[in-house]
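To start, the structure under review is shown below, and the notes come after it.
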Amino acid sequence: MSVHTVQRRAQQGARPAASEEAPSPGVRVAVVYHSGHGHTGRQAEAVRAGVQQVEGAEALLLTVEEAQARWGDLASADAIVFGAPTYMASASAAFKAFQEASSRAVMARGFGWRDKVAAGFTNSGSRSGDKLATLIQIALFAAQHGMHWVNLGLPPANNSTKGSEEDLNRLGFWLGAGAQSNVDQGPDVAPPEADLRTAEHLGRRVAEVARQLVCGRVVLGGGGVRGCRPPARRG
């Protein structure tokens with residue numbers, strides 16, 4: 001029995017029979033990104049890999065160009081993770097075009113992303129590179145759509161004599177996942193593995209939070225709770 005069936009029965013005042021085992025509610029996480037040279041694309045793929053580690057989570061990876069032809073797929077997602085490279089202290093122009101298109105296609109047509117989960121990631125050539133400015137822009141964009149923002153959920157690392165370039169969140173960001181790619185290296189070697197694993201952590205965290213919200217809605221709606229067990233991680 002699908003989660004939609006459980007929800008429909010709840011709305012009708014019925015509950016699953018005691019003998020029925022409600023399935024673990026599935027969640028769909030879309031990863032929408034722009035990548036100018038392929039580095040942010042690798043970061044997006046790492047986010048998708050993290051989503052797929054959570055039981056029942058489905059990941060949909062879309063460039064900003066593809067996303068503007070698939071608004072319906074984004075409408076059906078429980079969470080959307082946004083990613084863009086940081087160019088000149090800001091998100092890329094292609095990502096901004098997607099943001100502006102969403103105003104007409106989503107916000108003006110009924111605030112369609114309200115209460116979805118959101119998160120963000122970015123990449124630049126410098127270790128800092130004013131990436132925080134881009135993450136703030138993405139967070140405000142999500143807020144304008146009424147979405148729930150999920151932060152990185154990792155302490156800053158590589159900030160002591162015991163730290164390492166291999167640490168998760170080696171660049172020390174809180175709001176989202178940051179990555180750094182040397183400007184003379186292609187996406188086959190940059191960003192480094194630590195930054196990709198940090199992005200993977202973000203994808204997993206978003207999928208887990210989205211699943212918690214889906215489960216909570218089922219339970220509060222009167223649906224069966226057996227399917228809302230702690231998620232198992234794949235791999």
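The values are calculated or read from the model by the stated rules, or taken from the named source; none is laboratory data. Being a predicted model, the structure only gives us computed values, none of them experimental. Note that each Cβ is placed from the backbone with ideal geometry, even for glycine, and that neighbours are counted across all protein chains shown. Only protein heavy atoms, including side chains, enter the accessible area calculation; ligands, DNA and RNA are left aside. Shrake-Rupley method; radii C 1.70, N 1.55, O 1.52, S 1.80 Å.
Key figures
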item	result
Residue list for the stretch 108-117, restricted to those being open to solvent by 30 Å² or more (accessible area, probe 1.4 Å) and under 18 Å from the mean Cα position of the chain (by Cα)	GLY112, ARG114, ASP115
Hey, ALA143 open to solvent by 20 Å² or more (accessible area, probe 1.4 Å) and not in a loop (DSSP other than H, G, I, E, B) or not	yes
Residue match in the stretch 125-136 (condition: open to solvent by 30 Å² or more (accessible area, probe 1.4 Å), closer than 24 Å to ALA59 by Cβ and at pLDDT 95 or above)	no
Helices (runs of 4 or more DSSP H) within the stretch 23-107 that include 3 or more residues buried (at least 20 other Cβ atoms within 10 Å of the Cβ) and modelled with pLDDT of 95 or more	39-51, 93-105
Search result, residues across the stretch 188-197 that are touching a residue at least 60 places away in the same chain (Cβ under 8 Å) and over 12 Å from GLY125 (Cα atoms)	ASP195, LEU196, ARG197
